[in-house]
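Undergrad: Could you have a look at this structure, given as structure tokens, before my questions?
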Amino acid sequence: RTMRHRGKLLLVLAGAAAAVPLAAQSAGTFELGAFGRYTKFGKTLATDFVNKLPTDNSFGGGARLGVFVVKNLAIEVDGSYMKDDAAGGGKVSHLPIHAGLTYNLPLGGKVAFLLGARYVRNIYGADADFKDNGFGGLAGFRLGPLRLEGTIDKMTDDHPIHGTYHNWGVQAGLSLLLGNCKKSGDGVTIAPSSATLDPGQRSTFTATATRCGKPTGVVFTATGGTITETGEYTAGSSPGTFTVT
């Protein structure tokens, strides 16, 4: 809107609608993470001297990639690596690869309960040469960037030497959520919406801004007169219509 007043200065404020809060795990959010893992192998694996499978529990590390397909529900893939003594001597490496769905149940603030189901592909290497498939699940917590969870994998193939077995695990590490900002929710409110001033007269403007659901700083500019960082405007000597942004 524009209007003129003889010998006066009219200030027209430019602003946008106030932003709305944003859920952290919205659709399209990506998750990148790294973790340490402890694995408790099924006891029967230590009896498999032919395939040289693990005889003891082991520590290792891994990485995770996820994408939220709807709010709070993500498709995740992770892989980890560890090495252990092999049945019958030598060493065996273990590379479990998981793929599945994980639901993030918000518990308030930055805390969420995690519950997931997934497919697992085990690759045993080094002195071993064995692979199998199974399914499993996870349960744990997200505490801001920290993830802590327990896992279970069940291999259902009734192998003639070691039969069916379970691998239990504990994982702890850090994860980053990326791309979870909806720019459509960004906005600025500014007041007053307009002011009419005499040359040299002052008026103070206030503004609030929101980015990704959180308050952020504002910067004032003006096409005529001067304005300070805190929004104090001083009208110039020339009459006209000017804009404060």
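Undergrad: Check every one of the strands (runs of 3 or more DSSP E) wholly within the range 50-115 and list those with 2 or more residues that are exposed (fewer than 14 other Cβ atoms within 10 Å of the Cβ). So that I can check it myself, show each step before the final result.
TA: Working: elements: 58-70, 73-85, 91-108.
Once the strands (runs of 3 or more DSSP E) in the range 50-115 are filtered for at least 2 residues that are exposed (fewer than 14 other Cβ atoms within 10 Å of the Cβ), what remains is 58-70, 91-108.
Undergrad: Now for a separate question. Could you give me the residue pairs with C-beta distances under 9 Å whose first residue belongs to the range 68-84 and is over 25 Å from A27 (Cβ atoms), whose second residue is open to solvent by 70 Å² or more (accessible area, probe 1.4 Å) and in a strand (DSSP E or B) wherever it lies, and which are 6+ apart or on separate chains?
TA: M82/Y38; M82/F59; K83/K91; D84/K91
Condition check ((1) over 30 Å from C212 (Cβ atoms); (2) β-branched (V, I, T); (3) at pLDDT 95 or above) across all residues:
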| site | (1), (2), (3) |
| --- | --- |
| F113 | no, no, yes |
| G116 | no, no, yes |
| A139 | no, no, yes |
| G144 | no, no, no |
| R147 | no, no, yes |
| K154 | yes, no, yes |
| H159 | yes, no, no |
| T189 | no, yes, no |
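Undergrad: Check off (1) open to solvent by 40 Å² or more (accessible area, probe 1.4 Å); (2) more than 20 Å from T55 (Cβ to Cβ); (3) not acidic (D, E) for S203 and give me the number that stays unchecked.
TA: (1)
Undergrad: Let me ask you something else. Would you check which residues across the range 1-49 are over 37 Å from the mean Cα position of the chain (by Cα), at pLDDT 90 or above and open to solvent by less than 30 Å² (accessible area, probe 1.4 Å) and list them?
TA: Step one: filter the range 1-49 for residues over 37 Å from the mean Cα position of the chain (by Cα), giving 1-12, 44, 46-49.
Those left that are additionally at pLDDT 90 or above: 44, 46-49.
The one that is over 37 Å from the mean Cα position of the chain (by Cα), at pLDDT 90 or above and open to solvent by less than 30 Å² (accessible area, probe 1.4 Å): D48.
Undergrad: Give the range 57-104 a look and list any residue that's basic (K, R) and touching a strand residue (DSSP E or B) at 6+ places or on another chain (Cβ under 7 Å), or say none. Spell out how you get there, then give the answer.
TA: Taking the range 57-104 first, the residues basic (K, R) are 64, 71, 83, 91.
Hits for the range 57-104 are R64, K83, K91.
Undergrad: Only residues that are in a strand (DSSP E or B), open to solvent by less than 50 Å² (accessible area, probe 1.4 Å) and more than 18 Å from Q25 (Cβ to Cβ): list them for the range 124-144, please. Working first, answer last.
TA: Initial filter on the range 124-144 (in a strand (DSSP E or B)): 124-126, 130-143.
Applying the additional criterion that residues be open to solvent by less than 50 Å² (accessible area, probe 1.4 Å) yields 124-125, 130, 132, 134, 136-140, 142.
Y124, G125, F130, D132, G134, G136, G137 - these are the residues of the range 124-144 that are in a strand (DSSP E or B), open to solvent by less than 50 Å² (accessible area, probe 1.4 Å) and more than 18 Å from Q25 (Cβ to Cβ).
Undergrad: Kindly provide the set of residues from the range 206-221 that are open to solvent by less than 40 Å² (accessible area, probe 1.4 Å) and modelled with pLDDT of 85 or more, ordered by number.
TA: Selection gives A207, A209, F220.
The values are calculated or read from the model by the stated rules, or taken from the named source; none is laboratory data. All values reported here derive from a predicted model rather than from experimental measurement. Positions of Cβ are generated from backbone atoms using ideal geometry, with glycine treated the same way; all protein chains shown enter the neighbour counts. When the accessible area is computed, the model is the full protein with side chains, heavy atoms only, and any ligands, DNA or RNA have been set aside. Shrake-Rupley method; radii C 1.70, N 1.55, O 1.52, S 1.80 Å.
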